[in-house]
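A short write-up of the structure that comes next.
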Amino acid sequence: MSEPKQLHLAGFFSAGNVTHAHGAWRHARATNGFLTKEYYQHIARTLERGKFDLLFLPDALAVEDSYGDNLETGLRYGGQCAVALEPATVIATMAAVTERLGLGATISTTYYPPYHVARQIASLDQLSGGRISWNVVTSLNNAEARNFGIDQHLEHDTRYDRADEFLEVVRKLWNSWDADALVLDKASGQFADPGKVRYVDHRGKWLNVRGPLQVPRSPQGEPVILQAGLSERGKRFAGRWAEGVFSIAPNLAFMQSNYRDIKAQVAAAGRDPDQTKIFTAVMPVLGETEAIARERLEYLNALVHPEVGLSTLSSHVGINLAVYPLDTPITEVLRDLKERNIPTQLQMFAQAMQGETLTLGEMGRRYGTNVGFVPQWAGTGEQIADQIETHFKAGAADGFIISPAFLPGAYDEFVDQVVPVLQARGLFRTEYEGRTLRSHLGLREPQAPGENT
């Protein structure tokens, strides 16, 4: 009898005050140590103890100010990115105290130059022994643009067009050294073989980069590419480049649909769908009994102020929702935006409410509990494991992003109460078999650009 297919697990949390649960920083057990290295190192050690494949950190490049066109609400109530440390710096502190856990940083292709990104990620990959991933984003809104001296954010699909070229350049830089280019022959005095290090000489529509990189080829061939955009253009981008995809969906049907769509995009790009792992996000809330877990979930969600959810939502959709009273039905907000010919993702969030009639304030509170889509699962360790197993076997994902209800204790609970159940069922590793992130994910070393496929 063959062994059951094993799932993958990833941690995902902001290097700041809020990830998905906007009440997390107010939780009685939250330490709010997000400005200390000890906080991040404890989480990393915990997830390594739980044999997680990786953890990775999101990022945005501005304090939220879309709601009310000012900083007031996001800072007063602790919206997303009220505090956000630079992710690559944070994962370096976590790499220093772990040996096997994969680590990922989110870095924008819109506001950083490709040489800098390629060098930063390759350096981390060398120092960690091949455990690094780069979560590719194109950034979100004009607030970010203004922090880089640009008045207007590039249009959505144009950002992805530019990101395609950006990835071409970064991969060329990562492969500008052959694996055996570094000689280090003390007797002869030869440091490296110049014939095995190449200029990139990229001249494109958006980018001009000479190269080569100053960092030899990665211990895992190349750092792993992650991606999180679920727009149609984002899925095409994932199909071409991503080796791991972060998906958010409110229920099993949406998860399955995302899974099929992304795998189809990978195949359409001429790549092996098995070489792109799809993770879907869930937020477990654990208790000794299901009733206790549900009480804890109610407590967590009651900590959310309606306007903090609207602050984050306004930032995500690029619309100042503060112009509407909190008791305005969301249907009236959508009708007004349509009449004013303002395109918005708000319709998508309203549809996710599955026919509920909400006011704007109610939607803000709901959005603040889980950013609209992340399923909140309350139960015992066995019950959470049941949910994971059921969704995994139903084709919802190759693995699961565990979004914490509070930090750092939610990860300790998951590792102590859920992971052993998954291991006992043969669904998750009991020990790491390799040392690199590619090994954990079952990914082949990618072929260098220009090699025959």
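Per atom type, region 101-166 shows carbon and sulfur on 50% of its accessible surface, probed at 1.4 Å. Summing charges over all other residues whose Cβ lies under 13 Å from the Cβ of Tyr324, with Lys and Arg as +1 and Asp and Glu as -1, gives -3.
Exposure check, 1.4 Å probe, all protein chains in place: Thr390 carries approximately 80 Å² of accessible surface. Ranking Val169, His156, Phe191 by Cα position along the charge dipole of region 133-205, where only Lys, Arg, Asp and Glu carry charges on their C-beta atoms, puts Phe191 farthest toward the positive end. Based on Cα contacts under 8 Å between residues 6+ apart, the chain shows a relative contact order of 24 percent. In the chain, the longest principal axis of the Cα atoms and the axis of helix 114-128 are about 80 degrees apart. Helix 381-393 and the long axis of the chain differ in direction by around 60°, with both axes built from C-alpha atoms. On a per residue basis, the chain carries 43 Å² of accessible surface, using protein heavy atoms and a 1.4 Å probe.
What ranking of Glu243, Glu232 comes out by heavy-atom accessible area, probe 1.4 Å, highest first?
Putting Glu243, Glu232 in descending order of accessible area: Glu232, Glu243.
Rolling a 1.4 Å probe over the protein heavy atoms leaves Phe414 with an accessible area of roughly 0 Å². Using the Karplus relation 6.51 cos²θ - 1.76 cosθ + 1.60 with θ = phi - 60°, the per-residue 3J(HN,Hα) values for region 306-313 come to x, 6, 5, x, 5, 4, 5, 4 Hz, with x marking Gly and Pro.
Can you grab the distance from the C-alpha centre of region 377-449 to the C-alpha centre of region 267-299, Å, no decimals? Result: 9 Å between the Cα centres.
Computed from Cα atoms, the angle from the helix 360-370 axis to the main principal axis of the chain rounds to 40 degrees. Dividing the mean sequence gap of close Cα pairs (under 8 Å, 6+ apart) by how many residues region 164-206 holds gives a relative contact order of 40 percent. Of the solvent-accessible surface of region 169-255, computed with a 1.4 Å probe over protein heavy atoms with every protein chain present, carbon and sulfur atoms account for 53 percent. A DSSP coil position with no more than 11 other Cβ atoms inside 10 Å describes the following GluC sites (Glu not before Pro) in region 380-453: Glu431, Glu433, Glu451. Beta bridges assigned by DSSP with both partners in region 174-316 are antiparallel in approximately 50 percent of cases. Surface composition of region 1-51: carbon plus sulfur atoms hold 54% of the accessible area, using a 1.4 angstrom probe and ignoring ligands, DNA and RNA. Percent of C-alpha pairs per 5 Å bin in region 320-431, short distances first: 2, 9, 16, 17, 13, 10, 10, 10, 7, 4, 2, 0. Remark: relative contact order (region 105-197) = 27 percent; criterion is Cα-Cα distance under 8 angstrom and separation of 6 or more residues.
Each residue of region 182-199 was assigned a 3J(HN,Hα) from its phi angle through the Karplus expression (A = 6.51, B = -1.76, C = 1.60, θ = phi - 60°), giving 7, 9, 6, 8, 5, 5, 8, x, 8, 7, 9, 8, x, x, 10, 10, 10, 5 Hz with x at Gly and Pro.
Once you sort the root eigenvalues of the Cα gyration tensor of region 70-195 as a ≥ b ≥ c, which label holds: rounded (a/c under 1.5), prolate (a/b larger than b/c) or oblate (the other case)? Oblate is the answer for region 70-195, as a/c is 1.5 or above yet b/c matches or exceeds a/b. Taking all protein chains as they are arranged and a probe of 1.4 Å, the heavy atoms of Ser14 leave approximately 20 Å² accessible to solvent. For region 125-161 versus region 61-105, the inter-centroid distance based on Cα atoms is 14 Å.
How would region 253-360 be classified by its alpha-carbon gyration tensor: rounded, prolate or oblate, with rounded meaning a/c under 1.5 and the a/b versus b/c comparison settling the rest? Oblate shape, in that a/c is at least 1.5 and b/c is the bigger or equal ratio.
Placing Trp241, Trp25 in order of accessible area, with the largest value first and a 1.4 Å probe, yields Trp25, Trp241.
The values are calculated or read from the model by the stated rules, or taken from the named source; none is laboratory data. As the structure is a prediction and not an experimental result, all values here were calculated from the model. Counting neighbours? That spans all protein chains shown, and the Cβs are built from the backbone with ideal geometry, glycine included. When the accessible area is computed, the model is the full protein with side chains, heavy atoms only, and any ligands, DNA or RNA have been set aside. Shrake-Rupley method; radii C 1.70, N 1.55, O 1.52, S 1.80 Å.
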